[in-house]
Amino acid sequence: MEAIKERSRSMKGDFETRLYQEEGKKRKAAADIFKSILVLGISTFISYFFSKRGFREANIITVYILGVLITAVVTSQRIYSLISSVISVLLFNFLFTEPRYTFNAYDAGYIATFLVMFIAAFITSSLAVRIKKQAIQSAETAYRTRILFETNQQLGQEQNSQGIISVTCGQLEKLLKRDIIFYEVKNGNLAEPVLFSGQEGEKQDYLAPKEKRVAKWVLENNTHAGAATKTFSDADCLYLSVRVGSEVFGVVGIAIGKNTLDSFEKSIMLSILGECALAMKNDKVSREKAAAALLAKNEQLRANLLRSISHDLRTPLTSISGNAGILLSSEDSMDREKRRQLYEDIYDDSLWLINLVENLLSVTRIEDGTMKLRLNTELLEEIVQEAVNHVEKRSKEHKITVHFSDSLLLVKADARLIVQVLVNLMDNAIKYTPAGSEIEIEIRLQGNMAEVSVADNGSGVSENAKAHIFEMFYTDATKAADSRRSLGLGLALCKSIITAHGGMIKVEDNQPHGARFIFTLPAKEVKLHE
(Lines give C-alpha, C1' and ligand atoms only; values in the text may rest on other atoms or scores of the structure.)
Protein backbone atom coordinates (compact mmCIF):
# COMPACT_ATOMS: atom_id res chain seq x y z
CA MET A 1 0.00 0.00 0.00
CA GLU A 2 2.82 2.38 0.89
CA ALA A 3 4.53 1.56 -2.40
CA ILE A 4 1.34 2.44 -4.30
CA LYS A 5 1.02 5.74 -2.43
CA GLU A 6 4.67 6.50 -3.06
CA ARG A 7 4.29 5.75 -6.77
CA SER A 8 1.16 7.91 -6.87
CA ARG A 9 2.99 10.83 -5.28
CA SER A 10 5.85 10.39 -7.73
CA MET A 11 3.49 10.36 -10.74
CA LYS A 12 1.72 13.44 -9.41
CA GLY A 13 5.03 15.24 -9.02
CA ASP A 14 6.12 14.26 -12.56
CA PHE A 15 2.79 15.47 -13.98
CA GLU A 16 3.08 18.83 -12.19
CA THR A 17 6.65 19.20 -13.44
CA ARG A 18 5.64 18.45 -17.04
CA LEU A 19 2.71 20.87 -16.77
CA TYR A 20 4.99 23.59 -15.46
CA GLN A 21 7.51 22.98 -18.26
CA GLU A 22 4.80 23.05 -20.94
CA GLU A 23 3.45 26.32 -19.59
CA GLY A 24 6.96 27.78 -19.64
CA LYS A 25 7.47 26.67 -23.26
CA LYS A 26 4.14 28.21 -24.27
CA ARG A 27 5.00 31.53 -22.64
CA LYS A 28 8.42 31.54 -24.32
CA ALA A 29 6.91 30.72 -27.76
CA ALA A 30 4.33 33.49 -27.38
CA ALA A 31 7.10 35.96 -26.51
CA ASP A 32 9.14 34.91 -29.58
CA ILE A 33 6.11 35.26 -31.86
CA PHE A 34 5.41 38.73 -30.47
CA LYS A 35 9.06 39.77 -31.02
CA SER A 36 9.01 38.47 -34.60
CA ILE A 37 5.79 40.31 -35.44
CA LEU A 38 7.10 43.49 -33.81
CA VAL A 39 10.36 43.38 -35.80
CA LEU A 40 8.46 42.73 -39.06
CA GLY A 41 6.13 45.60 -38.30
CA ILE A 42 8.98 48.02 -37.63
CA SER A 43 10.83 46.83 -40.73
CA THR A 44 7.70 47.36 -42.84
CA PHE A 45 7.13 50.84 -41.40
CA ILE A 46 10.72 51.88 -42.16
CA SER A 47 10.49 50.37 -45.66
CA TYR A 48 7.23 52.26 -46.32
CA PHE A 49 8.92 55.48 -45.18
CA PHE A 50 11.85 54.80 -47.54
CA SER A 51 9.41 54.09 -50.40
CA LYS A 52 7.63 57.42 -49.90
CA ARG A 53 10.98 59.20 -49.87
CA GLY A 54 11.92 57.60 -53.17
CA PHE A 55 14.57 55.27 -51.93
CA ARG A 56 15.58 52.42 -54.22
CA GLU A 57 14.23 48.90 -53.72
CA ALA A 58 17.71 47.65 -52.68
CA ASN A 59 17.47 49.82 -49.55
CA ILE A 60 14.09 48.32 -48.69
CA ILE A 61 15.46 44.81 -49.19
CA THR A 62 18.33 45.65 -46.84
CA VAL A 63 15.86 46.82 -44.18
CA TYR A 64 13.98 43.50 -44.33
CA ILE A 65 17.25 41.51 -44.20
CA LEU A 66 18.24 43.55 -41.13
CA GLY A 67 14.85 42.75 -39.59
CA VAL A 68 15.44 39.03 -40.16
CA LEU A 69 18.87 39.35 -38.56
CA ILE A 70 17.38 41.07 -35.51
CA THR A 71 14.68 38.39 -35.29
CA ALA A 72 17.38 35.69 -35.25
CA VAL A 73 19.14 37.48 -32.40
CA VAL A 74 16.12 38.15 -30.14
CA THR A 75 14.31 34.80 -30.58
CA SER A 76 15.32 31.43 -29.15
CA GLN A 77 14.87 29.15 -32.20
CA ARG A 78 15.84 29.28 -35.88
CA ILE A 79 12.27 28.62 -37.07
CA TYR A 80 11.27 32.20 -36.25
CA SER A 81 14.00 33.74 -38.40
CA LEU A 82 13.17 31.29 -41.22
CA ILE A 83 9.47 32.20 -41.16
CA SER A 84 10.45 35.85 -40.90
CA SER A 85 12.52 35.45 -44.08
CA VAL A 86 9.54 34.06 -46.00
CA ILE A 87 7.17 36.71 -44.68
CA SER A 88 9.67 39.48 -45.51
CA VAL A 89 9.79 38.34 -49.15
CA LEU A 90 5.98 38.20 -49.29
CA LEU A 91 5.62 41.66 -47.70
CA PHE A 92 8.15 43.15 -50.14
CA ASN A 93 6.22 41.61 -53.04
CA PHE A 94 2.84 42.73 -51.71
CA LEU A 95 3.70 46.27 -50.72
CA PHE A 96 6.61 47.47 -52.82
CA THR A 97 6.44 45.79 -56.29
CA GLU A 98 4.17 46.60 -59.23
CA PRO A 99 1.28 45.88 -59.17
CA ARG A 100 1.10 46.83 -55.50
CA TYR A 101 -1.08 45.11 -52.94
CA THR A 102 -1.00 41.85 -54.89
CA PHE A 103 1.35 38.94 -54.99
CA ASN A 104 1.88 39.31 -58.75
CA ALA A 105 4.87 41.02 -60.36
CA TYR A 106 5.05 42.54 -63.86
CA ASP A 107 8.82 42.46 -64.08
CA ALA A 108 10.21 38.90 -64.49
CA GLY A 109 13.41 40.04 -62.74
CA TYR A 110 11.55 40.24 -59.45
CA ILE A 111 11.65 36.42 -59.25
CA ALA A 112 15.44 36.54 -58.98
CA THR A 113 15.15 39.46 -56.56
CA PHE A 114 12.80 37.49 -54.31
CA LEU A 115 15.05 34.44 -54.44
CA VAL A 116 18.21 36.41 -53.64
CA MET A 117 16.39 38.27 -50.87
CA PHE A 118 15.20 35.02 -49.30
CA ILE A 119 18.62 33.35 -49.57
CA ALA A 120 20.38 36.43 -48.12
CA ALA A 121 17.87 36.65 -45.27
CA PHE A 122 18.14 32.93 -44.57
CA ILE A 123 21.95 32.88 -44.59
CA THR A 124 22.10 36.00 -42.43
CA SER A 125 19.66 34.56 -39.92
CA SER A 126 21.51 31.24 -39.88
CA LEU A 127 24.83 32.95 -39.21
CA ALA A 128 23.24 35.07 -36.48
CA VAL A 129 21.73 31.99 -34.81
CA ARG A 130 25.05 30.15 -35.02
CA ILE A 131 26.96 33.08 -33.52
CA LYS A 132 24.33 33.39 -30.81
CA LYS A 133 24.63 29.71 -29.93
CA GLN A 134 28.42 29.94 -29.89
CA ALA A 135 28.24 32.94 -27.59
CA ILE A 136 25.88 31.07 -25.27
CA GLN A 137 28.11 27.99 -25.32
CA SER A 138 31.19 30.12 -24.64
CA ALA A 139 29.46 31.77 -21.70
CA GLU A 140 28.37 28.37 -20.35
CA THR A 141 31.86 26.98 -20.83
CA ALA A 142 33.40 29.93 -18.98
CA TYR A 143 30.82 29.60 -16.20
CA ARG A 144 31.39 25.88 -15.80
CA THR A 145 35.17 26.28 -15.91
CA ARG A 146 34.91 28.95 -13.21
CA ILE A 147 32.84 26.60 -11.08
CA LEU A 148 35.50 23.90 -11.47
CA PHE A 149 38.22 26.37 -10.51
CA GLU A 150 36.22 27.60 -7.49
CA THR A 151 35.64 24.00 -6.43
CA ASN A 152 39.35 23.27 -6.49
CA GLN A 153 40.08 26.37 -4.39
CA GLN A 154 37.30 25.80 -1.86
CA LEU A 155 38.11 22.11 -1.39
CA GLY A 156 41.71 23.03 -0.64
CA GLN A 157 40.50 25.18 2.28
CA GLU A 158 38.30 22.53 3.93
CA GLN A 159 39.66 20.52 6.86
CA ASN A 160 37.03 17.78 7.29
CA SER A 161 34.75 15.55 5.26
CA GLN A 162 31.58 17.51 6.13
CA GLY A 163 33.04 20.68 4.65
CA ILE A 164 34.26 18.82 1.56
CA ILE A 165 30.80 17.32 1.00
CA SER A 166 29.11 20.69 1.46
CA VAL A 167 31.40 22.41 -1.06
CA THR A 168 31.10 19.60 -3.62
CA CYS A 169 27.31 19.37 -3.51
CA GLY A 170 26.93 23.15 -3.50
CA GLN A 171 29.08 23.45 -6.61
CA LEU A 172 27.24 20.58 -8.36
CA GLU A 173 23.92 22.22 -7.56
CA LYS A 174 25.21 25.52 -8.97
CA LEU A 175 26.56 23.80 -12.10
CA LEU A 176 23.67 21.48 -12.94
CA LYS A 177 20.74 23.43 -11.42
CA ARG A 178 19.52 20.12 -9.96
CA ASP A 179 18.98 18.60 -6.53
CA ILE A 180 21.97 16.72 -5.14
CA ILE A 181 22.00 13.85 -2.61
CA PHE A 182 25.21 12.70 -0.95
CA TYR A 183 25.79 9.47 0.97
CA GLU A 184 29.09 9.44 2.86
CA VAL A 185 30.73 6.05 3.33
CA LYS A 186 31.59 5.28 6.96
CA ASN A 187 33.02 1.94 8.03
CA GLY A 188 32.09 0.43 4.68
CA ASN A 189 28.42 1.45 4.88
CA LEU A 190 26.36 4.38 3.67
CA ALA A 191 25.71 7.04 6.29
CA GLU A 192 22.49 9.05 6.41
CA PRO A 193 22.07 11.04 3.17
CA VAL A 194 22.44 14.80 2.95
CA LEU A 195 20.09 16.55 0.53
CA PHE A 196 20.99 19.83 -1.17
CA SER A 197 17.72 21.08 -2.63
CA GLY A 198 15.75 24.26 -3.07
CA GLN A 199 12.54 22.22 -3.51
CA GLU A 200 11.50 20.84 -0.13
CA GLY A 201 8.52 19.04 -1.60
CA GLU A 202 10.63 16.50 -3.49
CA LYS A 203 12.83 15.49 -0.56
CA GLN A 204 10.81 12.40 0.30
CA ASP A 205 10.99 11.06 -3.25
CA TYR A 206 14.78 11.39 -3.42
CA LEU A 207 15.26 9.80 0.01
CA ALA A 208 12.80 6.95 -0.55
CA PRO A 209 13.92 3.35 0.17
CA LYS A 210 14.13 2.53 -3.54
CA GLU A 211 16.60 5.36 -4.04
CA LYS A 212 18.73 4.19 -1.10
CA ARG A 213 18.82 0.70 -2.60
CA VAL A 214 20.30 2.10 -5.81
CA ALA A 215 22.90 4.07 -3.84
CA LYS A 216 23.84 0.94 -1.89
CA TRP A 217 24.21 -1.02 -5.14
CA VAL A 218 26.55 1.69 -6.50
CA LEU A 219 28.67 1.39 -3.34
CA GLU A 220 28.89 -2.38 -3.61
CA ASN A 221 29.64 -2.44 -7.35
CA ASN A 222 31.66 0.79 -7.63
CA THR A 223 29.88 1.93 -10.82
CA HIS A 224 27.10 4.33 -11.75
CA ALA A 225 23.41 3.39 -11.82
CA GLY A 226 19.94 4.91 -11.70
CA ALA A 227 18.24 7.36 -14.05
CA ALA A 228 19.63 7.61 -17.61
CA THR A 229 21.39 4.22 -17.22
CA LYS A 230 20.41 0.62 -17.93
CA THR A 231 20.65 -0.32 -14.23
CA PHE A 232 17.69 0.78 -12.05
CA SER A 233 16.56 3.14 -14.82
CA ASP A 234 13.28 3.82 -12.98
CA ALA A 235 15.13 5.70 -10.21
CA ASP A 236 14.65 9.45 -9.88
CA CYS A 237 18.40 10.15 -9.60
CA LEU A 238 21.61 9.21 -11.32
CA TYR A 239 24.01 7.75 -8.72
CA LEU A 240 27.79 7.82 -9.07
CA SER A 241 30.55 6.73 -6.72
CA VAL A 242 33.04 9.24 -5.33
CA ARG A 243 36.20 7.18 -5.49
CA VAL A 244 39.93 7.04 -5.87
CA GLY A 245 40.75 3.77 -7.57
CA SER A 246 38.77 1.05 -5.86
CA GLU A 247 38.30 3.01 -2.62
CA VAL A 248 34.83 4.60 -2.44
CA PHE A 249 34.37 7.60 -0.14
CA GLY A 250 30.75 8.37 -0.96
CA VAL A 251 27.85 8.05 -3.38
CA VAL A 252 26.33 11.13 -4.98
CA GLY A 253 22.84 11.25 -6.46
CA ILE A 254 21.82 13.79 -9.11
CA ALA A 255 18.14 14.41 -9.84
CA ILE A 256 17.78 13.83 -13.58
CA GLY A 257 14.07 14.19 -14.31
CA LYS A 258 13.25 14.41 -18.01
CA ASN A 259 16.33 16.41 -19.02
CA THR A 260 19.50 14.35 -19.31
CA LEU A 261 22.98 15.75 -18.85
CA ASP A 262 24.96 16.82 -21.90
CA SER A 263 28.51 15.59 -22.47
CA PHE A 264 30.16 18.80 -21.25
CA GLU A 265 28.10 18.81 -18.04
CA LYS A 266 29.10 15.20 -17.46
CA SER A 267 32.80 15.96 -17.93
CA ILE A 268 32.72 18.91 -15.49
CA MET A 269 30.64 16.87 -13.03
CA LEU A 270 33.13 13.99 -13.12
CA SER A 271 36.00 16.45 -12.64
CA ILE A 272 34.30 17.90 -9.53
CA LEU A 273 33.65 14.42 -8.16
CA GLY A 274 37.29 13.53 -8.81
CA GLU A 275 38.42 16.63 -6.89
CA CYS A 276 36.04 15.67 -4.08
CA ALA A 277 37.42 12.14 -3.92
CA LEU A 278 41.01 13.40 -3.78
CA ALA A 279 40.11 15.89 -1.05
CA MET A 280 38.40 13.17 1.02
CA LYS A 281 41.39 10.88 0.42
CA ASN A 282 43.76 13.59 1.65
CA ASP A 283 41.52 14.22 4.66
CA LYS A 284 41.56 10.53 5.52
CA VAL A 285 45.35 10.36 5.14
CA SER A 286 45.74 13.45 7.34
CA ARG A 287 43.53 11.96 10.04
CA GLU A 288 45.43 8.68 9.89
CA LYS A 289 48.74 10.52 10.13
CA ALA A 290 47.49 12.56 13.09
CA ALA A 291 46.24 9.40 14.81
CA ALA A 292 49.54 7.64 14.12
CA ALA A 293 51.50 10.64 15.42
CA LEU A 294 49.35 10.76 18.56
CA LEU A 295 49.79 7.03 19.07
CA ALA A 296 53.54 7.34 18.59
CA LYS A 297 53.64 10.25 21.02
CA ASN A 298 51.65 8.30 23.61
CA GLU A 299 53.90 5.29 23.14
CA GLN A 300 56.96 7.50 23.56
CA LEU A 301 55.51 9.06 26.70
CA ARG A 302 54.66 5.63 28.05
CA ALA A 303 58.14 4.35 27.29
CA ASN A 304 59.74 7.41 28.91
CA LEU A 305 57.51 7.05 31.94
CA LEU A 306 58.25 3.36 32.40
CA ARG A 307 61.97 3.90 31.89
CA SER A 308 62.07 6.80 34.33
CA ILE A 309 59.96 5.02 36.94
CA SER A 310 61.98 1.83 36.73
CA HIS A 311 65.18 3.83 37.16
CA ASP A 312 64.05 6.27 39.85
CA LEU A 313 61.98 3.90 41.97
CA ARG A 314 64.86 1.48 42.29
CA THR A 315 67.00 3.82 44.44
CA PRO A 316 64.45 4.68 47.18
CA LEU A 317 63.01 1.15 47.22
CA THR A 318 66.49 -0.32 47.57
CA SER A 319 67.23 2.14 50.38
CA ILE A 320 63.96 1.35 52.17
CA SER A 321 64.40 -2.42 51.87
CA GLY A 322 68.09 -2.20 52.89
CA ASN A 323 67.44 -0.06 55.94
CA ALA A 324 64.49 -2.23 56.94
CA GLY A 325 66.68 -5.34 56.57
CA ILE A 326 69.38 -3.81 58.81
CA LEU A 327 66.77 -2.99 61.45
CA LEU A 328 65.32 -6.49 61.33
CA SER A 329 68.69 -8.21 61.68
CA SER A 330 70.64 -5.85 63.96
CA GLU A 331 68.15 -3.68 65.80
CA ASP A 332 69.17 -4.96 69.27
CA SER A 333 72.89 -4.34 68.74
CA MET A 334 72.42 -0.78 67.34
CA ASP A 335 72.34 2.34 69.45
CA ARG A 336 69.32 4.65 69.55
CA GLU A 337 70.86 7.34 67.34
CA LYS A 338 71.71 4.87 64.57
CA ARG A 339 68.23 3.38 64.62
CA ARG A 340 66.68 6.86 64.46
CA GLN A 341 68.82 7.72 61.45
CA LEU A 342 67.61 4.59 59.63
CA TYR A 343 64.01 5.40 60.53
CA GLU A 344 64.42 8.94 59.12
CA ASP A 345 65.95 7.58 55.91
CA ILE A 346 63.04 5.19 55.48
CA TYR A 347 60.61 8.03 56.21
CA ASP A 348 62.26 10.41 53.71
CA ASP A 349 62.33 7.79 50.98
CA SER A 350 58.69 6.89 51.52
CA LEU A 351 57.66 10.57 51.37
CA TRP A 352 59.57 10.95 48.11
CA LEU A 353 57.69 7.95 46.71
CA ILE A 354 54.34 9.38 47.90
CA ASN A 355 55.09 12.73 46.21
CA LEU A 356 56.08 10.89 43.03
CA VAL A 357 52.83 8.90 43.03
CA GLU A 358 50.79 12.07 43.62
CA ASN A 359 52.43 13.74 40.63
CA LEU A 360 51.86 10.67 38.46
CA LEU A 361 48.18 10.53 39.38
CA SER A 362 47.72 14.24 38.72
CA VAL A 363 49.48 14.00 35.37
CA THR A 364 47.28 11.11 34.25
CA ARG A 365 44.14 12.98 35.31
CA ILE A 366 45.20 16.04 33.34
CA GLU A 367 46.17 14.00 30.26
CA ASP A 368 42.86 12.13 30.07
CA GLY A 369 40.79 15.18 31.06
CA THR A 370 39.35 13.73 34.27
CA MET A 371 40.88 16.33 36.58
CA LYS A 372 38.16 18.77 37.62
CA LEU A 373 39.00 22.01 39.38
CA ARG A 374 37.13 22.64 42.62
CA LEU A 375 37.39 26.41 42.51
CA ASN A 376 36.69 28.38 45.68
CA THR A 377 37.63 31.77 47.03
CA GLU A 378 40.73 31.04 49.14
CA LEU A 379 43.11 33.10 51.26
CA LEU A 380 46.43 32.85 49.45
CA GLU A 381 48.46 33.20 52.69
CA GLU A 382 46.83 30.07 54.10
CA ILE A 383 47.60 28.06 50.96
CA VAL A 384 51.26 29.11 51.06
CA GLN A 385 51.58 28.40 54.76
CA GLU A 386 50.09 24.92 54.37
CA ALA A 387 52.58 24.11 51.61
CA VAL A 388 55.50 25.42 53.70
CA ASN A 389 54.44 23.33 56.70
CA HIS A 390 54.25 20.28 54.48
CA VAL A 391 57.78 20.77 53.12
CA GLU A 392 59.44 21.81 56.39
CA LYS A 393 58.67 18.39 57.88
CA ARG A 394 60.85 16.83 55.20
CA SER A 395 63.72 19.30 54.96
CA LYS A 396 65.65 20.44 58.02
CA GLU A 397 68.71 21.54 56.04
CA HIS A 398 67.17 24.45 54.09
CA LYS A 399 65.85 27.76 55.36
CA ILE A 400 62.41 28.68 54.01
CA THR A 401 61.28 32.31 54.36
CA VAL A 402 57.85 33.66 53.41
CA HIS A 403 57.14 37.34 52.62
CA PHE A 404 53.42 38.02 52.80
CA SER A 405 51.63 41.00 51.25
CA ASP A 406 50.56 43.89 53.47
CA SER A 407 46.92 43.28 52.55
CA LEU A 408 44.89 40.11 52.40
CA LEU A 409 44.99 38.34 49.03
CA LEU A 410 42.04 36.22 47.95
CA VAL A 411 42.26 33.99 44.89
CA LYS A 412 39.81 31.83 42.93
CA ALA A 413 41.60 28.48 43.02
CA ASP A 414 41.60 24.81 43.92
CA ALA A 415 43.60 25.01 47.16
CA ARG A 416 44.69 21.36 47.05
CA LEU A 417 46.24 21.71 43.59
CA ILE A 418 47.94 25.06 44.36
CA VAL A 419 49.48 23.46 47.46
CA GLN A 420 50.81 20.73 45.19
CA VAL A 421 52.29 23.37 42.85
CA LEU A 422 54.08 25.10 45.75
CA VAL A 423 55.31 21.79 47.16
CA ASN A 424 56.73 20.81 43.76
CA LEU A 425 58.48 24.16 43.37
CA MET A 426 59.98 24.01 46.86
CA ASP A 427 60.99 20.36 46.42
CA ASN A 428 62.64 21.34 43.16
CA ALA A 429 64.57 24.11 44.95
CA ILE A 430 65.62 21.73 47.73
CA LYS A 431 66.66 19.06 45.27
CA TYR A 432 68.91 21.29 43.17
CA THR A 433 70.51 23.41 45.90
CA PRO A 434 73.08 22.35 48.53
CA ALA A 435 72.29 22.03 52.23
CA GLY A 436 72.02 25.38 54.01
CA SER A 437 70.59 27.20 51.00
CA GLU A 438 67.74 29.68 51.42
CA ILE A 439 64.34 29.47 49.77
CA GLU A 440 62.22 32.64 49.68
CA ILE A 441 58.51 32.75 48.91
CA GLU A 442 56.88 36.08 48.14
CA ILE A 443 53.27 36.92 47.32
CA ARG A 444 51.95 40.23 46.02
CA LEU A 445 49.15 41.75 43.94
CA GLN A 446 49.85 42.67 40.30
CA GLY A 447 46.78 44.31 38.75
CA ASN A 448 43.97 41.77 38.88
CA MET A 449 46.34 38.82 39.38
CA ALA A 450 48.00 37.49 42.52
CA GLU A 451 51.69 36.72 41.92
CA VAL A 452 53.63 34.07 43.84
CA SER A 453 57.40 33.60 43.47
CA VAL A 454 59.63 30.80 44.81
CA ALA A 455 63.33 31.76 44.69
CA ASP A 456 66.51 29.99 45.74
CA ASN A 457 70.19 30.93 45.85
CA GLY A 458 71.54 27.82 44.16
CA SER A 459 73.31 27.50 40.83
CA GLY A 460 70.25 28.58 38.83
CA VAL A 461 68.80 27.27 35.56
CA SER A 462 70.80 27.27 32.33
CA GLU A 463 69.51 29.23 29.32
CA ASN A 464 69.03 26.00 27.35
CA ALA A 465 67.01 24.46 30.18
CA LYS A 466 64.70 27.49 30.51
CA ALA A 467 63.16 26.75 27.10
CA HIS A 468 62.30 23.14 28.03
CA ILE A 469 62.03 23.07 31.81
CA PHE A 470 58.20 22.91 31.81
CA GLU A 471 58.08 20.03 29.31
CA MET A 472 57.12 16.58 30.53
CA PHE A 473 60.03 14.20 31.23
CA TYR A 474 62.60 16.96 30.77
CA THR A 475 65.35 16.99 33.42
CA ASP A 476 68.26 19.39 33.80
CA ALA A 477 71.72 17.94 33.36
CA THR A 478 72.70 19.33 36.77
CA LYS A 479 73.09 16.58 39.35
CA ALA A 480 70.41 16.63 42.02
CA ALA A 481 71.51 17.28 45.59
CA ASP A 482 69.87 14.11 46.91
CA SER A 483 71.43 11.95 44.13
CA ARG A 484 68.00 11.03 42.76
CA ARG A 485 67.26 11.77 39.15
CA SER A 486 63.91 13.56 38.71
CA LEU A 487 61.18 12.14 36.47
CA GLY A 488 60.59 15.56 34.98
CA LEU A 489 56.92 15.58 35.95
CA GLY A 490 56.78 18.19 38.71
CA LEU A 491 57.23 21.38 36.68
CA ALA A 492 55.13 20.08 33.77
CA LEU A 493 52.36 19.37 36.27
CA CYS A 494 52.75 22.86 37.77
CA LYS A 495 52.30 24.45 34.35
CA SER A 496 49.20 22.37 33.59
CA ILE A 497 47.57 23.27 36.92
CA ILE A 498 48.35 27.01 36.68
CA THR A 499 47.19 27.16 33.05
CA ALA A 500 43.93 25.44 34.03
CA HIS A 501 43.42 28.21 36.62
CA GLY A 502 43.85 30.91 33.99
CA GLY A 503 47.31 31.97 35.16
CA MET A 504 50.85 31.70 33.84
CA ILE A 505 54.15 30.33 35.15
CA LYS A 506 57.71 31.20 34.18
CA VAL A 507 61.30 30.91 35.38
CA GLU A 508 63.94 33.65 35.55
CA ASP A 509 67.31 34.24 37.16
CA ASN A 510 67.45 35.23 40.82
CA GLN A 511 69.95 37.92 41.78
CA PRO A 512 72.79 37.56 42.52
CA HIS A 513 72.46 33.84 41.71
CA GLY A 514 69.85 31.11 41.73
CA ALA A 515 66.46 30.60 40.09
CA ARG A 516 63.08 32.26 40.62
CA PHE A 517 59.82 30.53 39.62
CA ILE A 518 56.84 32.88 39.32
CA PHE A 519 53.19 31.98 38.79
CA THR A 520 49.97 34.00 38.85
CA LEU A 521 46.38 33.31 39.88
CA PRO A 522 43.18 35.35 39.35
CA ALA A 523 42.72 37.60 42.39
CA LYS A 524 39.39 38.21 44.08
CA GLU A 525 38.33 41.46 45.67
CA VAL A 526 38.21 41.50 49.47
CA LYS A 527 34.78 42.53 50.76
CA LEU A 528 34.51 43.62 54.36
CA HIS A 529 31.12 43.39 56.06
CA GLU A 530 30.32 45.15 59.28
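The values are calculated or read from the model by the stated rules, or taken from the named source; none is laboratory data. Everything quoted here is computed from the prediction, not taken from an experiment. Positions of Cβ are generated from backbone atoms using ideal geometry, with glycine treated the same way; all protein chains shown enter the neighbour counts.
General observations
- For the stretch 188-196, the criterion of being hydrophobic (A, V, I, L, M, F, W, C), over 20 Å from the mean Cα position of the chain (by Cα) and part of a helix (DSSP H, G or I) is satisfied by no residue at all.
- Residue in the stretch 177-199 that is more than 21 Å from S161 (Cα to Cα), modelled with pLDDT under 85 and touching a Lys or Arg at 6+ places or on another chain (Cβ under 8 Å) present: no
- Residue in the stretch 398-415 that is at pLDDT below 85 and among the hydroxyl-bearing types (S, T, Y) present: yes
- The set of residues in the stretch 288-320 that are at pLDDT below 85, surrounded by 10 or more Cβ atoms within 10 Å (Cβ to Cβ) and within 23 Å of D348 (Cβ to Cβ) comprises S308, I309, H311, D312, L313, R314, T315, P316, L317, T318, S319.
- Residue in the stretch 396-404 that is outside any strand (DSSP E or B), surrounded by fewer than 21 Cβ atoms within 10 Å (Cβ to Cβ) and free of Cβ contacts under 8 Å to residues at least 24 places away in the same chain present: yes
- Of all the residues in the stretch 393-415, those that are farther than 18 Å from K524 by Cα and in contact with a helix residue (DSSP H, G or I) (Cβ under 9 Å, 6 or more places away or on another chain) number 7.
- Condition broken by F55, with the remaining ones in (1) modelled with pLDDT of 80 or more; (2) assigned to a helix (DSSP H, G or I); (3) surrounded by 13 or more Cβ atoms within 10 Å (Cβ to Cβ) satisfied: (2)
- Being within 15 Å of L127 (Cβ to Cβ) and free of Cβ contacts under 8 Å to residues at least 40 places away in the same chain is not true of I60.
- Out of V214, V252, one residue alone is under 20 Å from N187 (Cβ atoms) and either touching a residue at least 40 places away in the same chain (Cβ under 8 Å) or among the aliphatic types (A, V, I, L, M) (or both). It is V252.
- Within the stretch 400-456, the set of residues being small (G, A, S) and within 16 Å of E381 (Cβ to Cβ) comprises S405, S407, A413, A415, A450, S453.
Every residue, every condition in (1) of a type in the set (K, R); (2) out of contact with any Leu (no Cβ under 9 Å at 6 or more places or on another chain), yes or no:
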{"site": "T141", "(1), (2)": "no, yes"}
{"site": "I147", "(1), (2)": "no, no"}
{"site": "N152", "(1), (2)": "no, yes"}
{"site": "Q159", "(1), (2)": "no, yes"}
{"site": "K212", "(1), (2)": "yes, no"}
{"site": "W217", "(1), (2)": "no, yes"}
{"site": "T229", "(1), (2)": "no, no"}
{"site": "F232", "(1), (2)": "no, yes"}
{"site": "G245", "(1), (2)": "no, yes"}
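- Scanning the stretch 375-392 for residues that are of a type outside the set (D, E) and either closer than 15 Å to A435 by Cα or touching an Asp or Glu at 6+ places or on another chain (Cβ under 7 Å) (or both) gives L375, V391.
- On the stretch given as the stretch 105-142, residues that are farther than 16 Å from S85 by Cα and at pLDDT 75 or above total 13.
- Counted residues, the stretch 229-259 - those being in a loop (DSSP other than H, G, I, E, B) and over 19 Å from S197 (Cβ atoms): 8
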